[in-house]
Amino acid sequence: MDPVDHELCVACGFDGSVYDAASLVAAVRALGPRWRALLAEAGPELRERPELGVWSAIEYAAHSRDVTALHVFGVGQALNDDEPVFPAIDGDALIEAAATDYATEDPKAVVDAIDSEAARLAGMVGDADAGAWERGVTIGTDRSTVRRMLEHALHDSLHHVYDVEGGLRRLRASG
């Protein structure tokens, strides 16, 4: 039995337990190229929302950039400090504040940043010994291990890839 609390998502089918360390690092590293291809494929629908309350492709990509960067910070703290603790944050308010400019972001800059942050994240853990993956960081009362933060960063980004692919299908079917 696997004692690790893996990231699971019924909506997009993500299952963190299918990744060993090497494949998890490789999948995180592949986020930049995946987003680059997806935004290129979005074409004229890049900034178009498929329906009210659903983000456009560029908005989801900018959000994924920010989430990946936050995970770089969290993993760095866990690897470099002894079980750091931070106050709880209001994630919804943080996302809402950051999202105000997402629709106008430059797609090349966004995918370059996703690529850079994902490579940093993969490099940090790729160079760490196996025991480092169990190190953690606590935010409020929630502790996450390095492994769990990697799974969450990957899931969040891939879930939004799934969202964008569905949104583009809806836009193209209605157009």
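The values are calculated or read from the model by the stated rules, or taken from the named source; none is laboratory data. For clarity, every value in this text was computed on a predicted model and none was experimentally measured. Backbone-built Cβ (ideal geometry, glycine too); neighbour counts: all protein chains shown. We work out accessible area using only protein heavy atoms, side chains counted, and drop any ligands, DNA or RNA first. Shrake-Rupley method; radii C 1.70, N 1.55, O 1.52, S 1.80 Å.
Points worth noting:
- Scope the stretch 111-136; condition open to solvent by 30 Å² or more (accessible area, probe 1.4 Å), touching a residue at least 60 places away in the same chain (Cβ under 8 Å) and within 17 Å of TYR19 (Cα to Cα); matching residues: GLY126, ALA130
- Within the stretch 137-169, the set of residues being under 19 Å from THR68 (Cβ atoms) and open to solvent by less than 10 Å² (accessible area, probe 1.4 Å) comprises VAL137, VAL146, LEU150, GLU151, ALA153, LEU154, SER157, VAL161, VAL164.
- Inter-residue pairs, beta-carbon under 6 Å, first touching a residue at least 24 places away in the same chain (Cβ under 8 Å) and in the stretch 15-34, second surrounded by 13 or more Cβ atoms within 10 Å (Cβ to Cβ) and among the charged types (D, E, K, R), 6+ apart: GLY16/GLU7; GLY16/GLU151; GLY32/ASP115
- Answer residue from the stretch 1-50, given it is in a helix (DSSP H, G or I) and in contact with a strand residue (DSSP E or B) (Cβ under 9 Å, 6 or more places away or on another chain) and is surrounded by the fewest Cβ atoms within 10 Å (Cβ to Cβ) among those: SER17
Rundown of residues vs (1) surrounded by fewer than 16 Cβ atoms within 10 Å (Cβ to Cβ); (2) closer than 23 Å to GLU134 by Cβ, yes/no style:
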position	(1), (2)
ASP66	no, no
LEU70	no, yes
ASP82	yes, yes
ALA99	yes, no
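- Taking (1) in contact (Cβ under 8 Å) with a residue 40 or more places away in the chain; (2) under 14 Å from the mean Cα position of the chain (by Cα) in turn, PHE73 satisfies each apart from (1).
- Test set (1) surrounded by fewer than 19 Cβ atoms within 10 Å (Cβ to Cβ); (2) in a helix (DSSP H, G or I); (3) out of contact with any His (no Cβ under 8 Å at 6 or more places or on another chain) - VAL75 fails condition number: (1)
- Considering residues of the stretch 84-97 that are free of Cβ contacts under 8 Å to residues at least 24 places away in the same chain and aliphatic (A, V, I, L, M) only, the residue most open to solvent (accessible area, probe 1.4 Å): LEU94
- Failed criterion for THR104 (all others in (1) more than 13 Å from the chain's Cα centre (by Cα); (2) surrounded by 11 or more Cβ atoms within 10 Å (Cβ to Cβ); (3) at pLDDT 95 or above; (4) under 18 Å from ARG47 (Cα atoms) hold): (2)
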